[in-house]
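Here's a structure for you.
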Amino acid sequence: MIKENLLNIKQSIPKNVTLVAVSKTKPVSDLQEAYNAGQRIFGENKIQEMVEKYDVLPKDIQWHMIGHLQSNKVKYMAHFVDLIHGVDKFSTLKEINKQAKKHNRVINCLLQAKIAKEDTKFGLSFSEIEHILDSSEIKALENIKIVGFMGMATFTENQNQLEDEFSSLKNFFNQQKLKTANASFKLETLSMGMSGDYQLAIENGGTMIRVGSSIFGSRNYPL
Ligand SMILES: *Cc1c(COP(=O)(O)O)cnc(C)c1O
(Lines give C-alpha, C1' and ligand atoms only; values in the text may rest on other atoms or scores of the structure.)
Protein backbone atom coordinates (compact mmCIF):
# COMPACT_ATOMS: atom_id res chain seq x y z
CA MET A 1 0.00 0.00 0.00
CA ILE A 2 2.74 2.47 0.92
CA LYS A 3 4.31 2.15 -2.51
CA GLU A 4 0.99 2.68 -4.29
CA ASN A 5 0.13 5.64 -2.10
CA LEU A 6 3.49 7.26 -2.81
CA LEU A 7 3.20 6.74 -6.55
CA ASN A 8 -0.35 8.11 -6.59
CA ILE A 9 0.67 11.25 -4.77
CA LYS A 10 3.76 11.76 -6.92
CA GLN A 11 1.62 11.45 -10.04
CA SER A 12 -0.81 14.05 -8.79
CA ILE A 13 1.71 16.78 -7.97
CA PRO A 14 3.93 18.91 -10.23
CA LYS A 15 7.56 17.76 -10.60
CA ASN A 16 8.95 20.88 -8.96
CA VAL A 17 7.05 20.21 -5.73
CA THR A 18 9.05 18.31 -3.10
CA LEU A 19 7.28 15.54 -1.21
CA VAL A 20 8.28 15.01 2.41
CA ALA A 21 7.03 11.65 3.65
CA VAL A 22 5.96 12.26 7.24
CA SER A 23 6.79 9.03 9.05
CA LYS A 24 6.29 10.04 12.70
CA THR A 25 5.02 7.20 14.93
CA LYS A 26 5.50 4.70 12.07
CA PRO A 27 7.85 1.70 12.38
CA VAL A 28 11.19 1.54 10.56
CA SER A 29 9.79 -1.21 8.31
CA ASP A 30 7.28 1.30 6.89
CA LEU A 31 10.03 3.79 6.16
CA GLN A 32 12.10 1.07 4.52
CA GLU A 33 9.14 0.23 2.31
CA ALA A 34 8.84 3.86 1.23
CA TYR A 35 12.59 3.98 0.70
CA ASN A 36 12.44 0.91 -1.51
CA ALA A 37 9.77 2.68 -3.55
CA GLY A 38 12.22 5.52 -4.14
CA GLN A 39 11.36 7.99 -1.37
CA ARG A 40 14.42 9.73 0.09
CA ILE A 41 12.98 12.59 2.15
CA PHE A 42 11.37 11.80 5.48
CA GLY A 43 9.86 14.10 8.07
CA GLU A 44 9.71 13.45 11.81
CA ASN A 45 8.46 15.63 14.64
CA LYS A 46 10.40 14.21 17.58
CA ILE A 47 14.16 14.41 17.67
CA GLN A 48 14.75 11.18 19.56
CA GLU A 49 12.54 9.18 17.23
CA MET A 50 14.28 10.69 14.21
CA VAL A 51 17.73 9.86 15.60
CA GLU A 52 16.72 6.24 16.23
CA LYS A 53 15.46 5.89 12.67
CA TYR A 54 18.47 7.67 11.20
CA ASP A 55 20.78 5.24 12.97
CA VAL A 56 19.30 2.16 11.35
CA LEU A 57 18.18 3.34 7.91
CA PRO A 58 20.22 4.01 4.73
CA LYS A 59 22.43 7.07 4.92
CA ASP A 60 21.25 8.70 1.71
CA ILE A 61 17.96 9.64 3.36
CA GLN A 62 17.38 13.35 3.91
CA TRP A 63 15.85 13.92 7.33
CA HIS A 64 13.54 16.85 7.93
CA MET A 65 12.54 17.96 11.41
CA ILE A 66 8.97 19.21 11.11
CA GLY A 67 7.96 19.42 14.76
CA HIS A 68 8.20 22.16 17.29
CA LEU A 69 11.80 22.51 18.42
CA GLN A 70 13.24 22.39 21.87
CA SER A 71 16.56 24.17 21.69
CA ASN A 72 18.27 21.86 24.14
CA LYS A 73 17.67 18.91 21.82
CA VAL A 74 19.07 20.41 18.62
CA LYS A 75 22.48 18.92 19.42
CA TYR A 76 21.21 15.37 18.96
CA MET A 77 20.37 15.88 15.29
CA ALA A 78 22.92 18.50 14.25
CA HIS A 79 25.23 15.94 12.63
CA PHE A 80 22.67 14.76 10.08
CA VAL A 81 19.46 16.80 9.86
CA ASP A 82 18.95 18.22 6.37
CA LEU A 83 16.18 20.76 6.88
CA ILE A 84 14.48 22.11 9.99
CA HIS A 85 10.96 23.34 9.21
CA GLY A 86 9.66 24.71 12.46
CA VAL A 87 12.00 27.49 13.56
CA ASP A 88 9.98 30.11 15.37
CA LYS A 89 12.54 31.90 17.53
CA PHE A 90 15.74 33.77 16.83
CA SER A 91 17.35 32.06 19.82
CA THR A 92 16.67 28.69 18.17
CA LEU A 93 18.50 29.82 15.03
CA LYS A 94 21.47 30.70 17.21
CA GLU A 95 21.44 27.30 18.86
CA ILE A 96 21.18 25.51 15.49
CA ASN A 97 24.09 27.59 14.25
CA LYS A 98 26.17 26.71 17.28
CA GLN A 99 25.51 22.98 16.97
CA ALA A 100 26.00 22.94 13.19
CA LYS A 101 29.34 24.64 13.62
CA LYS A 102 30.58 21.83 15.88
CA HIS A 103 30.05 19.45 12.97
CA ASN A 104 31.35 21.85 10.38
CA ARG A 105 27.98 21.86 8.65
CA VAL A 106 25.47 24.36 7.35
CA ILE A 107 21.92 23.44 8.34
CA ASN A 108 19.00 24.61 6.21
CA CYS A 109 16.11 26.17 8.11
CA LEU A 110 12.58 27.33 7.39
CA LEU A 111 10.98 30.01 9.51
CA GLN A 112 7.55 28.91 10.68
CA ALA A 113 4.88 31.48 9.98
CA LYS A 114 1.67 31.54 11.94
CA ILE A 115 -1.12 31.47 9.38
CA ALA A 116 -3.80 29.46 11.21
CA LYS A 117 -6.54 31.25 13.08
CA GLU A 118 -6.24 28.78 15.98
CA ASP A 119 -4.03 29.79 18.86
CA THR A 120 -2.64 26.30 19.40
CA LYS A 121 -0.26 26.49 16.45
CA PHE A 122 3.27 27.79 16.85
CA GLY A 123 4.83 30.30 14.57
CA LEU A 124 6.05 33.81 13.93
CA SER A 125 4.00 36.70 12.66
CA PHE A 126 4.96 38.12 9.27
CA SER A 127 6.49 41.18 10.90
CA GLU A 128 8.56 39.03 13.26
CA ILE A 129 9.89 37.09 10.27
CA GLU A 130 10.69 40.31 8.45
CA HIS A 131 12.52 41.53 11.52
CA ILE A 132 14.67 38.39 11.63
CA LEU A 133 15.47 38.55 7.91
CA ASP A 134 16.41 42.23 8.19
CA SER A 135 18.56 41.86 11.28
CA SER A 136 22.30 42.23 11.06
CA GLU A 137 22.69 39.39 13.56
CA ILE A 138 21.47 36.89 11.01
CA LYS A 139 24.51 37.52 8.84
CA ALA A 140 26.79 36.37 11.65
CA LEU A 141 25.18 32.94 11.71
CA GLU A 142 27.32 31.24 9.10
CA ASN A 143 26.29 27.69 9.89
CA ILE A 144 22.62 28.08 9.14
CA LYS A 145 20.88 28.99 5.93
CA ILE A 146 17.34 30.26 5.87
CA VAL A 147 15.86 28.75 2.73
CA GLY A 148 12.18 29.63 3.10
CA PHE A 149 9.07 29.48 5.22
CA MET A 150 6.77 26.84 6.63
CA GLY A 151 3.10 27.21 7.45
CA MET A 152 0.30 25.10 8.86
CA ALA A 153 -3.25 26.04 7.99
CA THR A 154 -6.20 25.87 10.33
CA PHE A 155 -7.67 22.40 10.83
CA THR A 156 -10.85 23.04 8.88
CA GLU A 157 -12.82 21.85 5.86
CA ASN A 158 -13.48 25.44 4.85
CA GLN A 159 -11.71 25.70 1.48
CA ASN A 160 -11.96 29.48 1.32
CA GLN A 161 -10.28 29.87 4.67
CA LEU A 162 -7.52 27.43 3.71
CA GLU A 163 -6.96 29.29 0.46
CA ASP A 164 -6.81 32.62 2.28
CA GLU A 165 -4.23 31.29 4.72
CA PHE A 166 -2.06 29.64 2.07
CA SER A 167 -2.18 32.55 -0.34
CA SER A 168 -1.39 35.09 2.34
CA LEU A 169 1.80 33.17 3.11
CA LYS A 170 2.65 32.85 -0.56
CA ASN A 171 2.25 36.59 -1.09
CA PHE A 172 4.43 37.33 1.90
CA PHE A 173 6.99 34.78 0.68
CA ASN A 174 7.16 36.36 -2.79
CA GLN A 175 7.48 39.80 -1.33
CA GLN A 176 10.33 38.74 0.99
CA LYS A 177 12.01 36.88 -1.86
CA LEU A 178 12.25 40.10 -3.84
CA LYS A 179 13.30 42.10 -0.86
CA THR A 180 16.13 39.72 0.07
CA ALA A 181 17.34 39.13 -3.49
CA ASN A 182 20.80 40.40 -2.56
CA ALA A 183 21.04 38.74 0.85
CA SER A 184 23.44 35.95 1.77
CA PHE A 185 20.52 33.51 1.91
CA LYS A 186 18.01 32.59 -0.76
CA LEU A 187 14.33 32.06 -0.08
CA GLU A 188 13.20 29.25 -2.34
CA THR A 189 11.11 26.83 -0.31
CA LEU A 190 7.55 27.26 0.84
CA SER A 191 6.56 24.27 2.96
CA MET A 192 2.80 24.06 3.26
CA GLY A 193 0.18 21.39 2.75
CA MET A 194 -0.49 18.08 4.50
CA SER A 195 -2.60 15.02 3.59
CA GLY A 196 -5.88 16.88 3.74
CA ASP A 197 -4.90 20.08 1.99
CA TYR A 198 -1.79 19.63 -0.14
CA GLN A 199 -3.55 20.12 -3.49
CA LEU A 200 -4.87 23.44 -2.30
CA ALA A 201 -1.48 24.38 -0.86
CA ILE A 202 0.22 23.67 -4.20
CA GLU A 203 -2.40 25.67 -6.11
CA ASN A 204 -1.60 28.49 -3.74
CA GLY A 205 2.15 28.46 -4.17
CA GLY A 206 3.48 25.67 -1.96
CA THR A 207 6.74 24.11 -3.20
CA MET A 208 7.12 21.46 -0.50
CA ILE A 209 4.37 19.32 1.00
CA ARG A 210 4.48 17.27 4.20
CA VAL A 211 2.31 14.19 3.78
CA GLY A 212 1.90 11.50 6.43
CA SER A 213 -1.37 9.62 6.70
CA SER A 214 -2.06 9.57 2.95
CA ILE A 215 1.16 7.57 2.54
CA PHE A 216 1.47 5.51 5.71
CA GLY A 217 -2.15 5.31 6.85
CA SER A 218 -3.72 6.97 9.84
CA ARG A 219 -1.87 7.30 13.12
CA ASN A 220 -3.31 6.07 16.41
CA TYR A 221 -3.40 9.56 17.81
CA PRO A 222 -3.21 12.90 16.02
CA LEU A 223 0.36 13.97 16.64
C1 LIG B 1 2.00 15.22 11.26
C2 LIG B 1 2.38 16.41 10.46
C3 LIG B 1 2.16 16.44 9.08
C4 LIG B 1 1.50 15.33 8.29
O5 LIG B 1 0.15 15.21 8.61
P6 LIG B 1 -0.84 14.26 7.74
O7 LIG B 1 -2.17 14.89 7.93
O8 LIG B 1 -0.73 12.90 8.31
O9 LIG B 1 -0.38 14.32 6.34
C10 LIG B 1 2.58 17.58 8.39
N11 LIG B 1 3.18 18.60 9.02
C12 LIG B 1 3.40 18.59 10.34
C13 LIG B 1 4.06 19.77 10.97
C14 LIG B 1 3.01 17.51 11.11
O15 LIG B 1 3.24 17.52 12.43
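The values are calculated or read from the model by the stated rules, or taken from the named source; none is laboratory data. Computed from a predicted model, the values in this text were never measured in an experiment. Remember, those area values only see protein heavy atoms, side chains included, never the ligands or the DNA or RNA. Shrake-Rupley method; radii C 1.70, N 1.55, O 1.52, S 1.80 Å.
Counting only heavy atoms of the protein chains, get the accessible area per residue of the chain (1.4 Å probe) and round it to a whole Å² value. Walk me through the numbers before you get to the answer.
On the way: 11010 Å² over 223 residues.
On a per-residue basis, the chain sits at 49 Å².
Before anything else, pin down the relative contact order of the chain: Cα pairs under 8 Å, at least 6 apart, normalised by residue count, whole percent.
Numbers: 396 pairs, mean separation 43.8, N = 223.
Relative contact order for the chain comes out at 20 percent.
Could you please state, rounded to a whole Å, how far the C-alpha centre of segment 170-199 is from the C-alpha centre of segment 22-96?
Between the Cα centres of segment 170-199 and segment 22-96 lies a distance of 21 Å.
Quick check: at a probe of 1.4 Å, how many percent of the accessible area of segment 1-147 sits on carbon and sulfur atoms? If you can, show how the numbers build up before the last one.
Details: 3590 of 7220 Å².
Answer for segment 1-147: carbon and sulfur cover 50 percent of the accessible area.
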